[in-house]
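Enquirer: Quick one: structure below, then a few questions.
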Amino acid sequence: MPIERFADIGVLFGAFLALLITAGQLLLAKKDQKNYLFILTIACLGLYQVSLSFPLFGHLEHWQEIYRPLYIAGMGAVYSSIPAMFLFVRSLPDSEYSRKGYRLLHFLIPLIATLVLALFVSFPKDPAVSPCDYYDFLYNGSPLLRIIDQISVLMALGYFSLAFAQFYSLTKKSSDEKKKNLLAVLVVLFLILFFMSLYFRYSNQGDLLHYLFKLRFTLLMICVLVLSYRYPYITNIIKLEVYRESYTKSTLAKVNVDNALMLLEKSMETDHAFRDSTLTMKRIAADLGLSAHQLSEIFNTRLKKTFSSYINEKRVAFAKKLLSEEIGMPVTDIAKECGFNSISNFNTLFKKAAGISPSDYRKSLLSGKKKGL
């Protein structure tokens, strides 16, 4: 199979993938403005992919007449996907994202570009030109189209550079629990910027990177789909929806959750249950008069964290207390006192939470006390 045909099939596959993702979003029981922005973005990219894969349908009669409105619609869609994706990414860190009228101004330039394209760009009707060569024929014969195209790429580079800078700043300041989600978004933004940077060098040449550029949105959607399953923060789909659904038949409605949380805190703060290195969620649940499933639901829906992360937070907090008060106690003994199985695990989790190792944490406390004297 020629590489050109393989690329066209890959582009069409991207269009079907966009349709699948869009349908998945529309079927969500709970949607917010972020979901609708994501739907708009993926739908626009899907329409563009359809217009880009048109060479596969060159056997159709009067294909040039069909291609003109399809091409304009596809280009308008990809122009509109730039602000739509930027607004979606920009909305991710906000717990409450509200619709504001001025955001529609972001779509003004794509609208103008589409109108100019429809009104002033001429579409040749040379029957000798095949669908495979039609885009190059049109692009090379219309300086206005090249200008619009280049402006759109520059606009995309500007938008996504701002978004990348924002998420990079957020990642540096965020807690370790949120950092993985933000890093996943940074990966997506990096891929977008990478493919955009290929435009000026490889968008119109017949080498391997040209076809990689042609498949950019298919690759991007595959990446988003894979990452969203592992990090549902990106799209708020699949995993979170299934997670909510898995608890719909639980017996938590019969449980006094506030009382269970109070007893849980008492077992941690007063009895220091976390100091037992063999502690399990099943045992804690039994002590609280709950099933492990019910306690898991409480952790995920009320505390917004897993059992292991909750226990590790308690252990690290207690370790900080011992490092501060028990100056002569070796770090290895402190690790055991707090319930850690090994010193390496203790060092890893402590540094993840505090940013420095237990030894350096103790040194900083000692130097602070000396300065205080």
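Enquirer: Given the peptides 185-195, 277-287, arrange them by the average over their residues of other C-beta atoms within 10 Å, most packed first.
Expert: 185-195, 277-287
Enquirer: List, in order, the whole-Hz ³J(HN,Hα) value for each residue of segment 157-173 obtained from phi through the Karplus relation with A = 6.51, B = -1.76, C = 1.60 and θ = phi - 60°; use x for Gly and Pro.
Expert: Listing the rounded values in order: 4, x, 4, 7, 5, 4, 5, 5, 4, 5, 6, 5, 5, 5, 5, 5, 8 Hz.
Enquirer: Ok, one more. Could you give me the ³J(HN,Hα) list for segment 314-322, computed from phi with Karplus coefficients 6.51, -1.76, 1.60 and θ = phi - 60°, whole Hz, x at Gly and Pro?
Expert: Along segment 314-322, the couplings run 5, 5, 5, 4, 5, 4, 4, 5, 5 Hz.
Coordinate-derived values only; no laboratory data. All values reported here derive from a predicted model rather than from experimental measurement. For neighbour counting, all protein chains shown are included, and Cβ atoms are generated from backbone atoms with ideal geometry for every residue, glycine included.
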